[in-house]
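One structure below.
What follows is calculated from the coordinates using simple rules that are stated; it is not laboratory data. All values reported here derive from a predicted model rather than from experimental measurement. Here the Cβ positions follow ideal geometry from the backbone for every residue, glycine too, while neighbour counts run over all protein chains shown.
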Amino acid sequence: MAELTYRDAVAAGIAQEMERDENVVFLGEDVADAGGVFKATVGLLEKFGPRRVRDCPIAEQAILGAAMGAAMTGLKPIAEIMFSDFLAVCWDIVANEMAKMRYMTNGQVTMPVVIRTANGAGSRFGAQHSQSVENWAMAVPGLKVVAPAFPADVKGLIAAAVRDPDPVIVFEQKSLYSMKGEVPDGELVDQLGKARVLRQGKDCTIVALALMVHRALAAAEVLEKEHGISCTVVDVRSLVPLDTQTILSEVAKTGRLVTVEENPRLCGWGAEIASIVADECFWELDGPIIRITTPHIPLPSADRLEDNTIPSVERIVRELREKID
Amino acid sequence: MGVAVDSTVKRKKKTEPETDIGRETRLELFRLQTELRLCEKRAYDLFLQNLIKGTSHLSLGQEAIAAAFGVAMRPDDYTFCTYRGHAHTLARGASMAGVLGELMGRECGLLGGKGGSMHLTDVEKGVMGSYAIIGAHLPVAAGAAWSAQYRGTDQVAVCFFGDGTTNIGAFHEALNFSVVWKLPVIFVCENNLYMEYTAIHTVTAVKNPAADRAAAYGLESILVDGNDADEVYRTAVRYMDRARAGGGPALIEAVTYRHSGHSRADPGKYRPEGELERWLERDPIKVYRERLLKLGFNEPTLADVEAESLRKVDEATAIARASPPPALDAIDKDLWADGGTAWRN
């Protein structure tokens with residue numbers, strides 16, 4: 001077991017798959033020579049050479065289009081979109097092309113492509129470099145969507161994404177890049193579509209994703225120690241496929257569902273989970289479903305404003321104290 | 001070169017047809033153009049009978065380009081088409097019943113009725129999709145070319161698009177990218193003078209929408225008569241050979257004319273009086289037929305090709321008409337590689 005940062009786990013996951021399979025290639029802006037603007041891909045160029053690790057122009061449609069064309073014809077590309085906000089400039093390739101191709105062609109085309117992107121707030125970069133957009137991707141049929149919270153999950157889910165024959169978007173939370181965690185030695189391949197129960201409690205089930213998992217865990221500590229409220233915390237990890245069985249079973253045990261979401265309120269991923277729980281687990285609920293999200297606004301940049309916009313540990317504690325008996 | 005569109009299309013033909021193209025190839029070019037024309041006309045007839053629903057974009061008058069590339073390409077080369085892609089798909093040898101069946105929403109359709117007219121695809125024949133978002137397939141074609149380059153297969157990707165595409169961002173991104181990576185991709189702009197309903201020259205900064213932009217990417221400006229199958233064929237062979245040998249991409253502007261409107265909904269009334277008639281005189285198939293006769297092909301040989309093509313279209317029509325609509329279980333198939341559509345457990 002080695003301790004790796006979240007950013008080193010990115011490079012480790014990519015390297016593991018590139019070593020295994022000659023058809024895995026990696027492309028993006030500033031990813032090769034510079035090792036990525038977040039230094040998450042340092043060393044890949046040196047290890048695998050410029051034929052397989054390629055710097056691209058600032059041209060997101062070209063990057064994802066090229067990744068798609070290569071995926072349709074035998075390669076397994078990993079493409080980096082530097083900030084997830086930039087997905088908007090190449091969303092046609094993601095949502096209209098990659099996602100629809102297999103279905104439209106009656107299964108003729110296979111699309112083993114991975115898009116990695118730095119998502120979310122915490123760096124005071126303002127509204128065009130800090131948004132949480134995982135719910136955009138979740139809304140498009142044909143995309144698989146994961147968002148790891150821990151270094152081991154980063155490595156394992158990147159490996160699983162590369163080996164998956166369908167398009168997968170990996171949302172890396174940019175303020176977690178420096179976080180350290182234990183990563184098992186040797187080959188690590190995770191599974192898409194599996195949530196993980198990180199903590200078991202009696203009073204409510206908090207379902208969270210990426211950075212919000214850490215805040216949910218911290219809030220659960222405070223609630224337990226200071227207020228006698230005992231929380232289960234589920235790390236969703238994968239929005240598509242969605243592990244509804246784990247979520248439903250954990251909600252049934254505590255009788256309460258709380259989602260903690262970094263995406264803006266409307267149609268955030270928690271809304272879908274709330275709907276599923278209301279449909280399938282209604283009689284197990286002891287009280288209303290609680291959604292804690294970023295408000296429905298673009299993200300402000302000043303540290304004080306940003307900190308008070310995305311869900312904080314204090315806000316989770318406050319809302320749960322108010323709403324859970 | 002920077003030759004103006006008007007001067008190109010009015011340029012005098014050489015009086016002595018060149019002999020660099022073999023007789024079998026010429027007959028194949030004639031056969032394929034004839035077949036594409038008759039099939040497209042049949043599609044139009046089937047619309048009028050309400051057997052084809054939705055929209056459809058015909059390439060009547062533009063057949064020389066699809067046919068010339070179809071003949072020039074290797075079976076393992078990749079084709080990327082637009083929503084005006086029936087001809088380009090057929091030109092690679094895709095089943096005609098499959099194309100008409102797809103247009104008619106039948107089970108025998110190339111895509112089992114799940115794609116429709118604008119998304120014809122036949123991966124086994126190298127047709128890697130028809131794309132209905134302007135410009136999207138240019139970077140995708142570059143990606144297929146990258147894959148060929150990476151795997152060392154010397155395949156070439158050919159990407160067809162219209163003049164309107166030259167004003168969208170993906171066109172410029174794909175060109176720059178392909179040149180920088182020296183990819184074996186041929187971008188073929190079929191300039192039919194109109195982006196949808198609007199004359200291209202009224203919305204474009206340069207006279208020749210593709211050829212005049214080539215220099216911006218360090219590419220040769222290539223402008224050809226898109227109604228001359230021989231000229232397109234020569235150009236196709238030349239630049240595909242170069243791309244296969246590692247010489248990188250080419251951007252070809254083939255000037256042509258759409259005999260019908262943009263889509264089913266468009267009668268093409270915006271065209272100036274007499275324009276269509278002038279272009280009908282330069283109908284690529286009419287011109288080619290006359291050339292073949294001058295080159296010594298017999299009238300009966302050509303008439304046989306025409307009769308055989310019509311028979312093929314009739315047969316394909318009958319198969320498509322007899323095919324049932326798709327089974328409803330198709331709805332829940334093939335979102336994912338596991339064959340299903342499940343997004344949760």
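Pull up the range A:151-175, narrow it to residues that are among the hydrophobic types (A, V, I, L, M, F, W, C) and surrounded by fewer than 24 Cβ atoms within 10 Å (Cβ to Cβ), then point me to the one that is nearest to the other protein chains (Cβ to nearest Cβ).
Filtering the range A:151-175 for residues among the hydrophobic types (A, V, I, L, M, F, W, C) gives A:152, A:154, A:157-162, A:168-171.
Next, from what is left, pick out any that are surrounded by fewer than 24 Cβ atoms within 10 Å (Cβ to Cβ): A:152, A:159.
Values: A:ALA152: 22, A:ALA159: 17 Å.
Taking the candidates together, the pick is A:ALA159.
Which residue, of A:VAL109, A:VAL31, A:VAL42, is touching a strand residue (DSSP E or B) at 6+ places or on another chain (Cβ under 6 Å) and in a loop (DSSP other than H, G, I, E, B)? So that I can check it myself, show each step before the final result.
Numbers: A:VAL109 fails: touching a strand residue (DSSP E or B) at 6+ places or on another chain (Cβ under 6 Å); A:VAL42 fails: touching a strand residue (DSSP E or B) at 6+ places or on another chain (Cβ under 6 Å).
When all the criteria are applied, what remains is A:VAL31.
Select the helices (runs of 4 or more DSSP H) contained entirely in the range B:199-317, then report the ones holding at least 3 residues which are touching a residue at least 24 places away in the same chain (Cβ under 8 Å) and at negative phi.
On the way: elements: B:229-244, B:275-281, B:284-294.
Ranges flagged: B:229-244, B:284-294.
Among what's in the range A:228-242 and is surrounded by fewer than 21 Cβ atoms within 10 Å (Cβ to Cβ) and out of contact with any helix residue (DSSP H, G or I) (no Cβ under 7 Å at 6 or more places or on another chain), pick the residue that is farthest from the other protein chains (Cβ to nearest Cβ).
A:GLY228
State whether the residues of the range A:44-61 include one that is among the hydrophobic types (A, V, I, L, M, F, W, C), closer than 14 Å to A:ILE158 by Cβ and buried (at least 22 other Cβ atoms within 10 Å of the Cβ). Spell out how you get there, then give the answer.
Here is the first cut: in the range A:44-61, the residues among the hydrophobic types (A, V, I, L, M, F, W, C) are A:44-45, A:48, A:53, A:56, A:58-59.
This time we only want the ones that are closer than 14 Å to A:ILE158 by Cβ, so: A:44.
When the remaining residues are screened for being buried (at least 22 other Cβ atoms within 10 Å of the Cβ), the result is A:44.
Yes, there is a match, as at least one residue in the range A:44-61 is among the hydrophobic types (A, V, I, L, M, F, W, C), closer than 14 Å to A:ILE158 by Cβ and buried (at least 22 other Cβ atoms within 10 Å of the Cβ).
Has the range A:153-165 got any residue that is farther than 27 Å from A:ASP85 by Cβ and in contact with a Leu (Cβ under 8 Å, 6 or more places away or on another chain)?
Of all residues in the range A:153-165, those farther than 27 Å from A:ASP85 by Cβ come to A:163, A:165.
Among the residues that remain, those that are also in contact with a Leu (Cβ under 8 Å, 6 or more places away or on another chain) are: none.
Looking for residues that are farther than 27 Å from A:ASP85 by Cβ and in contact with a Leu (Cβ under 8 Å, 6 or more places away or on another chain), one finds none in the range A:153-165, hence no.
Is at least one residue of the range A:46-54 away from chain B (no Cβ under 13 Å) and either touching a helix residue (DSSP H, G or I) at 6+ places or on another chain (Cβ under 7 Å) or within 24 Å of A:HIS129 (Cα to Cα) (or both)? Walk me through how you get there before you give the answer.
Step one: filter the range A:46-54 for residues away from chain B (no Cβ under 13 Å), giving A:46-47.
Narrowing the set further to residues that are either touching a helix residue (DSSP H, G or I) at 6+ places or on another chain (Cβ under 7 Å) or within 24 Å of A:HIS129 (Cα to Cα) (or both) leaves A:47.
The answer is yes, given that some residue of the range A:46-54 is away from chain B (no Cβ under 13 Å) and either touching a helix residue (DSSP H, G or I) at 6+ places or on another chain (Cβ under 7 Å) or within 24 Å of A:HIS129 (Cα to Cα) (or both).
I need the strands (runs of 3 or more DSSP E) fully contained in the range A:172-228, keeping only those with at least 1 residues that are farther than 26 Å from A:PRO241 by Cα and touching a residue at least 12 places away in the same chain (Cβ under 8 Å). Show your work before the answer.
Working: elements: A:180-183, A:196-199, A:204-208.
So the answer is A:180-183.
Scan the range A:76-97 and give yes if some residue there is at positive phi and either more than 7 Å from chain B (Cβ to nearest Cβ) or not in a helix (DSSP H, G or I) (or both), otherwise no.
For the range A:76-97, residues at positive phi and either more than 7 Å from chain B (Cβ to nearest Cβ) or not in a helix (DSSP H, G or I) (or both): absent.
Does B:LYS333 qualify as being closer than 23 Å to B:GLY112 by Cβ and away from every other protein chain (no Cβ under 14 Å)? Break it down stepwise before answering.
Working: closer than 23 Å to B:GLY112 by Cβ: yes; away from every other protein chain (no Cβ under 14 Å): no.
Taking the combined requirement at face value, the residue does not satisfy it.
Can you tell me which residue is nearest to the chain's Cα centre (by Cα) among those in the range A:147-171 that are among the charged types (D, E, K, R) and over 17 Å from A:GLY120 (Cβ atoms)? Let's see the steps before the verdict.
First, pick out the residues of the range A:147-171 that are among the charged types (D, E, K, R): A:153, A:155, A:163-164, A:166.
After this cut, where a residue has to be over 17 Å from A:GLY120 (Cβ atoms) as well, the list is A:155, A:163-164, A:166.
On the way: A:LYS155: 12, A:ARG163: 17, A:ASP164: 16, A:ASP166: 16 Å.
Among them, the one singled out is A:LYS155.
Considering only the range B:318-336, how many residues are of a type outside the set (Asp, Glu), out of contact with any Cys (no Cβ under 9 Å at 6 or more places or on another chain), in a loop (DSSP other than H, G, I, E, B) and surrounded by 16 or more Cβ atoms within 10 Å (Cβ to Cβ)? Before the answer, list the steps.
Going through the range B:318-336, the residues of a type outside the set (Asp, Glu) turn out to be B:318-328, B:330-331, B:333, B:335-336.
When the remaining residues are screened for being out of contact with any Cys (no Cβ under 9 Å at 6 or more places or on another chain), the result is B:318, B:321, B:325-328, B:330-331, B:333, B:335-336.
Now drop any that are not in a loop (DSSP other than H, G, I, E, B), which leaves B:325-327, B:333, B:335-336.
This time we only want the ones that are surrounded by 16 or more Cβ atoms within 10 Å (Cβ to Cβ), so: B:326, B:333, B:335-336.
Final tally of qualifying residues: 4.
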